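Here is the structure we will look at.
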Amino acid sequence: MLEQLKQEVFRANLLLKEYGLVVLTWGNVSAIDRESGLFVIKPSGVSYDTMKAEDMVVVDLDGNVVEGKLNPSSDTPTHLELYRQFKDIKAVVHTHSPWATSFAQAGREIKAYGTTHADFANRAIPCTRGLTKDEVATDYELNTGKVIVECFNNNRINPSDCPAVLIHRHGPFCWGKSAEKAVENALILEEVAKMAYRTEQIAEHGKKQPGIEDYLLDKHYQRKHGKNAYYGQK
């Protein structure tokens, strides 16, 4: 069942380790087949060194395991909520990559400081509110997905324009049109977070207030992602 998607999700999970975005078994990738309403996700706590494509777990949009001998990722309810609420996304990635996670642990958004960020998202990368004690105690992973959706809805953010979010005190989630693209977005987010931190350190040393101009932010985002985008090949 969904053998090609299993291969794609398997390879995308391996990319997390190749790109240095995970250590040990931290992190997971999933991808959805919208036609069947089923998604494939990494099994929980399985080493990237021993994991195989056939270990991937198939789950439906009610959270039921449809196929697979192993338990799906403990973050499955978060992925599930994103698929249910963000209808245009096809894949989800969660990591604990150190630079992005550092911003998340500080409860801070990643501000747009330059064109590298603008090529990725047309605004700051938001950080959600913290989960309440009750939200953590009951349906923690599902409520993690819910605070992501709440954050985007309250701030009128289109998930297609900003393919990443930081979970307060936790870490980043990213998404995309494919498993590979979602991992690419996680890699870009980590680089953007690293640059943002360094920019703030340099600006503080020089006592300058950094930040990209709105018109430059929009130009770089639109030339790559807009209706009349001209970056890359047709």
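Here are some notes:
- In the chain, the portion of solvent-accessible area held by carbon and sulfur atoms comes to 47 percent [1.4 Å probe, whole percent, DNA, RNA and ligands not counted].
- For region 51-111, the spread of Cα positions along each principal axis, largest first, Å: 40, 28, 16
- Measuring nothing but alpha carbons in the chain and taking Rh as the Kirkwood radius, the Rg to Rh ratio lands at 0.97.
- Per-residue [θ]222 nm for the chain (sum of -39500 (n - 2.57) over DSSP H runs n ≥ 4, rounded to 500): -13000 deg cm²/dmol
- For the chain, excluding the exposed loop sites themselves (chymotrypsin sites (Phe, Trp or Tyr not before Pro), DSSP loop, at most 13 other Cβ atoms within 10 Å), the longest remaining stretch covers 1-229.
- Rolling a 1.4 Å probe over the protein heavy atoms gives the chain an accessible area of 52 Å² per residue.
- Angle between the chain longest axis and helix 76-85 axis [Cα atoms, degrees, rounded to 10]: 70
- Between helix 214-225 and the chain: long-axis angle, C-alpha atoms, 0 to 90°, nearest 10: 40
- Acute angle (nearest 10 degrees) that the helix 179-206 long axis makes with the longest principal axis of the chain, alpha-carbon atoms: 30
The values are calculated or read from the model by the stated rules, or taken from the named source; none is laboratory data. Just so it is clear, the model here is predicted, and its values are computed rather than measured. Neighbour counts run over all protein chains shown; Cβ positions are idealised from the backbone, glycine included. We work out accessible area using only protein heavy atoms, side chains counted, and drop any ligands, DNA or RNA first. Shrake-Rupley method; radii C 1.70, N 1.55, O 1.52, S 1.80 Å.
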